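S.K.: The structure follows.
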Amino acid sequence: LGFKNIKALFFREKYIIAENFFAQFYEPISNFNDAIFLLNFDGFKLLNINDAGINYNIAKEVGKVDVLASAFGSGASGFPLCWDNIKENESKKILKNQFKSRVHLLKKAVKIYQADYAFPFASYFALVNKEHSAFNREIFEAKILADSIQIRDCKVLDLLPGDSYEFKNEQFFRAKDR
C-alpha cells in the first residue's frame, strides 16, 4: 500500500511523540484482542479503553486520568441480529442489555481511573449496505445515546463526529453539517 517507516508498538513501552508528549499501550484482561491506549500531554492524560474493558492491574500505574474514552454501545458484531435461532423480541432485549452493560462498565472505569471527563465514543456507526438498514434500525432503537449518560462527579463529553470541546473554556463546538 506504500506505507513506509512502519513500527511495531509494544505493551507498556513509552513512545515519545514530542517533548512532554508520549503514548503507551496496555493489554486488556478481557477476552478481546484489543489495547488500552494512554496519551499523556505534559501531564494531561487521555486513556482510551475502547472495547478492551478495565484492566485493574494498570490503574495504579496509569494513575488519575483527565479523560476516559470508551465505547458505550454494542452492535459491531452480528449478534444477536444475525442469529436465526433468536426471536426478534429476545434479540431486542439482548441489545438493550448490551448497551446497559457498556454504560455500567464506563461508569465503573471512570471511578477506577478517577477521570474528570468521560468521552463515550466508538458507537456512532451505521452499516453502509442498504440491505443492512433493518439492522441499523434495531441497533439505534436499542442504543443509549451518549447525551443520556450521566456519571456522578464526572463531566460527560457527548461529542458526535465533527464536534469538538475546548477544555480551557469548557465549551462545546457542534459541527454544522455532518
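The values are calculated or read from the model by the stated rules, or taken from the named source; none is laboratory data. Since the model is a prediction, treat every value here as computed from it, not as a measurement. A quick note on method: Cβ atoms are made from the backbone with ideal geometry, for glycine too, and the neighbour counts reach across all protein chains shown. Ligands, DNA and RNA are stripped out before the accessible areas are found, and what is left, the full protein with its side chains, is counted by its heavy atoms. Shrake-Rupley method; radii C 1.70, N 1.55, O 1.52, S 1.80 Å.
S.K.: Of His132, His104, which has the most accessible area and how do the rest follow, probe 1.4 Å?
M.R.: Numbers: His132 50, His104 120 Å².
Result, largest first: His104, His132.
S.K.: Please give the net charge around Tyr113, taking every other residue with its beta carbon less than 13 angstrom from that of Tyr113, where Lys and Arg add +1 and Asp and Glu add -1.
M.R.: Computed value for this residue: +2.
S.K.: Now for a separate question. At 1.4 Å probe size, put Tyr113, Tyr56 in order of accessible surface, largest to smallest. Display every interim value, and only then the final one.
M.R.: Values: Tyr113 0, Tyr56 120 Å².
Ranked from most to least accessible, the order is Tyr56, Tyr113.
S.K.: Run the quick spin-label model on Ile6 and Lys93: label points 7 Å from Cα toward the beta carbon, then report their separation in nm to one decimal.
M.R.: It works out to 4.6 nm between the two label points.
S.K.: Among Pro80, Ser70, Asn97, whose Cα sits farthest toward the positive end of the charge dipole of the range 1-122 (+1 at Cβ of Lys/Arg, -1 at Cβ of Asp/Glu, about the Cα centre)?
M.R.: Among Pro80, Ser70, Asn97, the one farthest towards the positive end of the dipole of the range 1-122 is Asn97.
S.K.: Please list 156-169, 42-55, 8-21 highest first by mean number of surrounding beta-carbon atoms within 10 Å per residue. Don't skip to the answer; put the middle values down first.
M.R.: Working: 156-169: 12.9, 42-55: 17.9, 8-21: 9.9.
Top of the packing list down: 42-55, 156-169, 8-21.
S.K.: Moving to a separate point now. Over the range 1-119, what is the relative contact order in whole percent, taking alpha-carbon pairs under 8 Å and six or more residues apart? It would help to have the intermediate numbers written out before the result.
M.R.: Details: 178 pairs, mean separation 23.6, N = 119.
This gives 20 percent for the range 1-119.
S.K.: Sticking with this one: Give the carbon-plus-sulfur fraction of the accessible surface of the range 6-98 in %, rounded to a whole number; probe 1.4 Å, heavy atoms of protein chains only.
M.R.: Whole-percent figure for carbon plus sulfur exposure: 54.
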